[in-house]
Amino acid sequence: MKKTLSVLLLSCLLVTGTLAQTPITTPARVLTPAEQRQKEKIDREIQRERQIRASWAQDQRDYQAKQAEKERQRQAKKAGKTLEEPTVVKPAPLPATTSPASNRPSETVPTVAEPTRKGKKEQRKREAASEPANIPLAEPTPVTSAEAQVKTTKPERVKREKKPKSVDSVTMIPGGSDPTVSRPRQEFLPKGHLFEPILLDPLEAQTYGSLLPGYWTEGQKYKGSIVPFAFGFAKPFYRRTTEPGRSEEWVLDLASFTQFEAYHDNVANVARRQIMNTDYKISIIYNVRRGENNYRFRVYHLSSHLGDDYIYRNKITAPSPNSVNYELLDATYSRVVNNWRLYGGLGVVLRKSEERKPLSAQLGAFYKKPSTHAARLVGGVDIKFWQQTDFRPGIHGGVGIELGRTQNNLTFLLEGYSGFKPYSQFEQQQTAWIGIGLYLNPF
């Protein structure tokens, strides 16, 4: 019995040791269709990334080869120009190192010597034969020191040949021999003026104020002071310049001209300041500049209105004829000669001759010397003629100082006038005055 138990125990031990030594293998798990598609997608992405890296590496080698070729050509040109001593051109090496998986040795371009121009063609043939073949790579290769040297070498800048200019776009500079390209330049709301406002014209659109302690009407001195005041501007809103010295512009012109009277009322024993008259003006102007010649073509409307205080004081109860309500078209020419601005023009009234006689004329001169100083001497005279007033001249003169270094300067004038009344409906009255004025062109 004991012998039988011992045999059974020994058999169990043997079986247990055999099972322990035998490895247990689990069957391979079959991928689901979704997992299989995901695995294929990952494999495709890995392959695509390898191809992109290989393409980058190939492009890098091609670029380095082109730069080395440019460097060799530049050195060849230098050697061809001198022709004194043979120059040895040492091109940068172009290694074609492959990936570790391909285990291919890198190739370099041999050094080429080029003593003269005659061997230039032979050298190019040898260089073309010695260029490494394009070898596709699975992975990018590390950049060697030689490649880094080629990469950091800046390529020689090549001057681009200028394209021939068309005949229409080329103009000759006066006094020069080389043509320059001139393109029309357009500006909206530009600064300055092609035709500067006429400062001494009493009806010019500008801002000014005057104090006239001496004022005579029909030979009788006014007992008080007349204070003319105007607020106006002439602003270009479009300018076109085709070339230096050739420009055109359109200008909007607006102004109001008011005359105040300051006197002492002896009846009430008080000082009074009242409005005598106000004129309103609106213009559209076309200015043209041709070198030193300036032209102004203008059409404007002007109307005159007596002040209520003036009507009440002078007991005006019946309507009075008012010919200062008209439209006018005029043309004026201006040119600067030896610091003198000379100008002259003609105009015609766009009304029936029964309402207002048509012709008018204007001429004048104004002196202003260009200077970098803050103050400069100015002065001049303006003369107007109207058929409506039997061509009696209206002469306005002044001399004074201009302050400022910009286009919008302040001008102080000692001024005087003699002739027909330049504003209000009583233009037939013979008027004279003397006083001081402050003028400003804000635009």
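Read-outs throughout are calculated quantities, based only on the coordinates presented, and are distinct from any laboratory measurement. Note that the structure is predicted; figures quoted are calculated from it, not measured. Cβ: placed from backbone, ideal geometry, glycine included. Neighbour counts: every protein chain shown.
Residue separation times 0.36 nm, minus the C-alpha to C-alpha distance between Leu410 and Phe231: what's the value?
Gain on stretching Leu410 to Phe231: 63.0 nm.
Could you derive backbone 3J(HN,Hα) for the range 193-205 from the dihedral phi with the Karplus parameters 6.51, -1.76 and 1.60 (θ = phi - 60°), listing whole Hz in sequence and x where the residue is Gly or Pro?
9, 6, 10, 5, x, 7, 4, 8, 7, x, 10, 7, 6
With only Lys, Arg, Asp and Glu charged, each at its Cβ (+1 for the first two, -1 for the last two), find how big the charge dipole of the range 264-336 is about the Cα centre; round to the nearest 20 debye.
It works out to roughly 280 debye.
Taking a spot 7 Å from the Cα of Gln430 along the direction of its beta carbon, which residues of the range 185-228 have an amide N less than 11 Å from it?
From the range 185-228, the list is 217-220.
For the range 368-383, just list the computed ³J(HN,Hα) in residue order, Karplus coefficients 6.51, -1.76 and 1.60, θ = phi - 60°, integers in Hz, with x standing in for Gly and Pro.
For the range 368-383, the Karplus-derived couplings read 7, 8, x, 8, 8, 6, 6, 10, 8, 7, 9, x, x, 8, 10, 10 Hz, x marking Gly and Pro.
Give me, ordered by chain and number, the residues 5 or more places off Ile282 or on other chains with an amide H under 5 Å from its own placed amide H.
His301
Quick one: which residues, 5 or more positions from Ala234 or on another chain, have an amide H under 5 Å from its amide H? H modelled 1.01 Å from N in the peptide plane, none for Pro or chain starts.
Phe443
Which links in Lys235/Lys315; Lys315/Lys357; Lys315/Lys421; Lys221/Lys315; Lys235/Lys384 stretch past 32 Å when you go from one Cα to the other?
Too far apart for the 32 Å limit: Lys235/Lys315.
Multiply the residue gap between Lys81 and Asp309 by 0.36 nm, knock off their C-alpha separation, and tell me the result in nm, one decimal place.
Gain in length upon complete extension: 72.6 nm.
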